[in-house]
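What follows is a set of notes on a single structure, which appears directly below.
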Amino acid sequence: MITEVDVVDRGDTKLNHDMVFLNNKYTLKIVKDVYDFVGSNPFLLPLLMEAYHRIRNYFPSEILFLEVVTDPDEIGEKQLVIYICTDLSPLDAIDKLDQLDDNWWLNASDASDSKLLIQVEYE
């Protein structure tokens, strides 16, 4: 868990506030990896904050994970993935994800510079 001390030691109180928000809204798979990635790509913070609220319109109670992964299309490049962990049927989950894409993410994703993805993960 990210605490105020962990982040203040890195010297950025705004990032501290934002990372505490992320930690409260998302489950961070490997906290240090997520923190380092977001710290290196701070332009993702507004997207991550908005994504949380937008996702909740379609997936109101699902657990949301953040994980840094290697981009399969670009050797050595990393991406941050928001995994929506759901017990919905695959058809229902994909339908809701498609609605999210059509109503927000396809336009908003340009601001991510291909460093943020949203995917569904089934329980």
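The values are calculated or read from the model by the stated rules, or taken from the named source; none is laboratory data. Since the model is a prediction, treat every value here as computed from it, not as a measurement. Neighbour counts run over all protein chains shown; Cβ positions are idealised from the backbone, glycine included.
List of remarks:
- For beta carbons closer than 7 Å, sequence separation of 6+ or different chains, a first residue in segment 51-62 that is without any contact (Cβ under 8 Å) to a residue 60 or more places away in the chain and more than 20 Å from ASP87 (Cβ to Cβ) and a second that is part of a helix (DSSP H, G or I) and not small (Gly, Ala, Ser), the qualifying pairs are ARG54/LEU100; ARG54/TRP104.
- Matching residues, segment 31-76, being among the β-branched types (Val, Ile, Thr) and farther than 22 Å from SER89 by Cα: VAL31, VAL34, VAL38, VAL68, VAL69, THR70, ILE75
Conditions (1) at pLDDT 95 or above; (2) aromatic (Phe, Trp, Tyr); (3) surrounded by fewer than 16 Cβ atoms within 10 Å (Cβ to Cβ), marked per residue:
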site	(1), (2), (3)
VAL20	no, no, no
LYS29	no, no, yes
ASP33	no, no, no
PHE59	yes, yes, no
LEU66	yes, no, no
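- When restricted to residues that are buried (at least 17 other Cβ atoms within 10 Å of the Cβ) and more than 14 Å from the chain's Cα centre (by Cα), segment 69-87 contains 1.
- Some residue of segment 69-81 being of a type in the set (Val, Ile, Thr), free of Cβ contacts under 8 Å to residues at least 24 places away in the same chain and part of a loop (DSSP other than H, G, I, E, B): yes
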